[in-house]
Amino acid sequence: MVVSVLRTGECHVWWADPRHETIDTLTEPLSVAELERAARFRRDQDRRRFLTGARLLRLAAGARLGISPGNVVVDRTCPDCDKHHGRPSIRAGGTVLHASVSHSGDRVAVALTSEAPLGVDVEELVPAGSVEDLVQCALTPRERDVVLALPEHEQYEAFVRIWVCKEAALKATGHGLRISPDLVEFDLTGDPPTLLRWPLDIPPETVRIHRLDPGPGYLGVVALLTGDRDVEVVETRQVRREQLSVVPLPAAA
């Protein structure tokens, strides 16, 4: 079976398990900068998650651009320094591919589109510390009231449902957690969730949240800065290199 790759009008999200490939396979198409960054991780599981995301991004982008994964130029320049840890973007000729990578537990997500900036986030539902401490530092007063009004056994998942929206939206703008998450407010009573306010000049209504299906024990969303334009979000499970067909770029006008 050949997995369809990114097409016009789509945002594609690929899922992978960092345990499924050898280190040699994961590192083969990567750049020197990516390998140097991977070497700085102290824990093997963190290193594997990063390598899996970096490789999967190259596989997906290479298939879309009609080039080998090793020839994909991934720009991760940080806007605040010269280090290689900023929001990834890919340019080839006149084509710009907006990209985002997230990982947690045994899930790695890569999101790619040519439509608009985007951010993806996945979180494993494993409580870490007091829920009350989490909501105090990361949620707005209104969001705190909503979460803490729930039965205690539901509070952590409710917190994570809000958190993934915040992180994905801030990744889409390129700010990440340089913006304090307690300044970003979401309403999750509707489907999809709605951004109500944040301290940016980007109108909240331009942010579109799409829920993802990372599987049991995880929550995930992708945020797209598409305004009122509809973009189809397509999810693909574990992908191997031989499953990605090559879709060449159209000829320049």
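Remarks
- The residue among ALA169, ILE179, LEU150 whose Cα reaches farthest toward the positive pole of the charge dipole of the range 116-235, with charges on the beta-carbon of Lys, Arg, Asp and Glu, is ILE179.
- Long-range tail of P(r) for the chain (Cα pairs > 29 Å, %): 29 percent
- Residue-by-residue Karplus 3J(HN,Hα) for the range 210-219, coefficients 6.51, -1.76, 1.60, Hz, glycine and proline x: 10, 6, 10, 10, x, x, x, x, 9, 10
- Nearest 10 degrees, 0 to 90: helix 152-173 Cα axis against the chain principal axis: 50 degrees
- With the simple model of a label 7 Å out from the Cα in the direction of the Cβ, GLU232 to CYS78 spans 3.9 nm.
- 11 Å cut-off, amide nitrogen to a point 7 angstrom out along LEU188 Cα→Cβ, residues in the range 97-140: none
- Mean-square fluctuations from a GNM of the chain, with a 10 angstrom spring cutoff on Cα atoms, peak among ALA33, ALA168, ALA111 at ALA33.
- Among VAL73, VAL184, VAL110: highest mean-square fluctuation, GNM of the chain, C-alpha pairs under 10 Å: VAL73
- About the Cα centre, charge dipole magnitude for the range 19-74 (Lys/Arg +1, Asp/Glu -1 at Cβ), debye: 260 debye
- Counted residue by residue at 0.36 nm each, then reduced by the alpha carbon distance between them, the extension gain from GLN45 to ILE179 reaches 45.5 nm.
- As a length-normalised measure over Cα pairs under 8 Å and 6 or more apart, the relative contact order of the range 116-235 settles at 34 percent.
- For the chain, size of Cβ-based charge dipole, Lys and Arg +1, Asp and Glu -1, in debye: 980 debye
- Label point at ALA149 placed 7 Å out along Cα→Cβ; residues across the range 172-215 whose backbone nitrogen lies under 19 Å: 185-191, 193-197
- Relative to the Cα centre, the charge distribution of the range 116-235, modelled as +1 at Lys and Arg Cβ and -1 at Asp and Glu Cβ, gives a dipole magnitude of about 360 debye.
- Gain on full extension, evaluated as 0.36 nm per residue between SER68 and LEU200 minus their Cα-Cα distance, stands at 43.8 nm.
- The range 116-235 - Debye-derived log10 I(q)/I(0), Cα point model, q = 0.12, 0.20, 0.22 Å⁻¹: -0.40, -1.13, -1.35
- Degrees separating the helix 44-65 axis from the principal Cα axis of the chain, which is the longest one: 60 degrees
- Taken along the Cα-to-beta-carbon direction at a fixed 7 Å, the label points for VAL126 and ASP17 span 1.6 nm.
- Long-range HN-HN contacts of CYS11 with modeled amide H, under 5 Å: GLU232, VAL233, VAL234
- Pair-distance profile P(r), taking every C-alpha pair of the range 153-198, with 10 angstrom steps and integer %: 26, 56, 17, 1
Values quoted throughout were computed directly from the atomic coordinates according to the rules given, and no laboratory measurement underlies them. From a predicted model like this one, the values you see are computed outputs, not experimental measurements. Neighbour counts are summed over all protein chains in view; Cβ atoms, including those assigned to glycine, are modelled from backbone coordinates with ideal geometry.
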